[in-house]
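The values are calculated or read from the model by the stated rules, or taken from the named source; none is laboratory data. These numbers were taken from a predicted model, which means no experiment stands behind them. FYI the Cβ positions are ideal-geometry reconstructions off the backbone, even for glycines, and counts take in every protein chain you see. The area values use the complete protein model at the heavy-atom level, side chains included, leaving out ligands, DNA and RNA. Shrake-Rupley method; radii C 1.70, N 1.55, O 1.52, S 1.80 Å.
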Amino acid sequence: MPSQREIRRRIASVRNIKQITRAMQFVAASKLKRAQDATLAARPYSEKLDEVLADVASVLGGETHPLLAKREGNARCLVVFTTDRPLAGALNANVVRFAGHEIAEHQGDVTVVAVGRKGRDALRRLRVPIAAFLPNFGDRPAFADVLPLARLITDDFLSGTYDRVDLVYPQFVSTLTQRPVLETLLPIHPSEDTHGIPGNQFIFEPNPGAVLEQLVPRYVAVRVYQAVLESAASEQSSRMVAMRNATENAEELIDDLTLTYNKVRQANITREMIEIASGAEAS
Amino acid sequence: MPLQLEIVTPERLAYSDEVDEVVCPGVEGELGILPHHAPLLTQLGFGELRIRKGAEEERFAIAGGFLQVRPDRVVVMAENAELGAEIDLQRAQKAREEAERTLATDELEPADLARARAALQKALLRIRVAEHHRREGPRHRS
């Protein structure tokens, strides 16, 4: 049986931990709100860009731009989005396991660009070749922040280093669910839905080719930006839930320890009374 | 029939309303859109976007992007769009001074020169839009 003092010390330390996890839970909750809003606010732009790309592509036909052309080769690049900071529940483990499956299936063909420190560390342990590493984009990613990453991927694709580029990130489904998904970024596959107007009815200024030339790099950047926003929202919600569980567990532990403490205290008192009573009898 | 106008940037939906006329900076010159315009898809340049709604006029500073005109609506996809009222005039002026200082120094790298020029251009545009907003407010149009 541990001594009373030991138990008291443990209760105090669990209580401290509880305070920290509780604070982290609230911080994550408020950041989650912001990250969720940012994800929703970015959606209209990417939807509109999809439409425009469909319009242009329907006029020009496929394979008119090097970033739209399908290739025969097998060299692939996975851009894996994870967090920089720990204590985000199973989020990073899930993403890494998901990416790991894909990598194992195409052994030897896959190179990774790791965004986020946790993913880099885990993938390095799996001995996956990592071509580049970027820290995560933080709590409030701006569109301009992702441009270097988009350019890096695009350049490597154009130079023929990769024949296909995929994004792997935790999609934000709800506060309780974040699902790792794989999305093909390059070559771009424009949607065929032109929303009622055939693309050839549009007047293009200066001409369809020039519009496409401008459109495509922006499209790539927006897709990357979306993945960044989704991962940010997933990170905060996963951390919030993990910290809530931790807080609840701490409370349970405190209850258990308090019970043990009372038992020990009671046992001590009983023992002392017996000692006194038997001492009195003896004399 | 008014135009349904939407201005979106990668970060947000900046504007969504029914308006009477939009004038925007196309790459090939300024471009006015009235109701019943033919379907159009064009690149946008850098400059001032004016929205007329009845007697009211509002101005946006926009940089790059696309304009899509459909029968049912007009969509502006800009890299950046700021409403006159949102612009921090002091910050824009500071940015302008800084860019001018950079340009005044000799021996600039070509890349730095281009960056400073772009910064100056951007600052000037923001100042113009913001000052116009201060002078006229969003309400009146001469």
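Among the residues of the stretch A:74-112, none is identified as aromatic (Phe, Trp, Tyr) and in a loop (DSSP other than H, G, I, E, B). The residues on offer are B:128, B:135, and the sole one that is free of Cβ contacts under 8 Å to residues at least 12 places away in the same chain and open to solvent by 60 Å² or more (accessible area, probe 1.4 Å) is B:135.
Of the residues examined, residue A:209 is not one that is of a type in the set (Gly, Ala, Ser), away from chain B (no Cβ under 14 Å), open to solvent by 30 Å² or more (accessible area, probe 1.4 Å) and more than 20 Å from the chain's Cα centre (by Cα). Do we find that residue A:216 is closer than 30 Å to residue A:161 by Cβ and either at pLDDT 85 or above or within 14 Å of another protein chain (Cβ to nearest Cβ) (or both) in this structure? It is true that residue A:216 is closer than 30 Å to residue A:161 by Cβ and either at pLDDT 85 or above or within 14 Å of another protein chain (Cβ to nearest Cβ) (or both).
Which one is least open to solvent (accessible area, probe 1.4 Å), of the residues in the stretch A:38-66 that are among the small types (Gly, Ala, Ser) and more than 14 Å from chain B (Cβ to nearest Cβ)? By that ranking, first place goes to A:61. Residue A:35 passes every criterion in (1) under 25 Å from the mean Cα position of the chain (by Cα); (2) modelled with pLDDT under 90; (3) within 14 Å of another protein chain (Cβ to nearest Cβ) apart from (2). Of the residues making up the stretch B:60-79, one or more are within 14 Å of chain A (Cβ to nearest Cβ), open to solvent by less than 20 Å² (accessible area, probe 1.4 Å) and not in a strand (DSSP E or B).
Of all residue pairs spaced 6 or more apart or on separate chains, those with beta-carbon atoms under 8 Å, a first member in the stretch A:133-161 that is on the phi > 0 side of the Ramachandran plot and a second member that is loosely packed, with under 13 Cβ neighbours inside 10 Å are A:160/A:73.
Flag set for residue A:6, criterion: open to solvent by 70 Å² or more (accessible area, probe 1.4 Å) and in a helix (DSSP H, G or I).
Restricting the stretch B:1-59 to residues that are part of a loop (DSSP other than H, G, I, E, B) and more than 10 Å from chain A (Cβ to nearest Cβ), the residue that is farthest from residue A:220 (Cα to Cα) is B:55. Just to verify a result, which residue in the stretch A:113-165, among those that are part of a loop (DSSP other than H, G, I, E, B) and aromatic (Phe, Trp, Tyr), is least open to solvent (accessible area, probe 1.4 Å)? Taking the candidates together, the pick is A:162. One residue stands out in the stretch B:21-59 among those that are free of Cβ contacts under 8 Å to residues at least 40 places away in the same chain and small (Gly, Ala, Ser): the one that is least open to solvent (accessible area, probe 1.4 Å), namely B:45. Scanning the stretch B:80-101 for residues that are under 14 Å from residue B:130 (Cα atoms) and in a strand (DSSP E or B) yields a count of 3.
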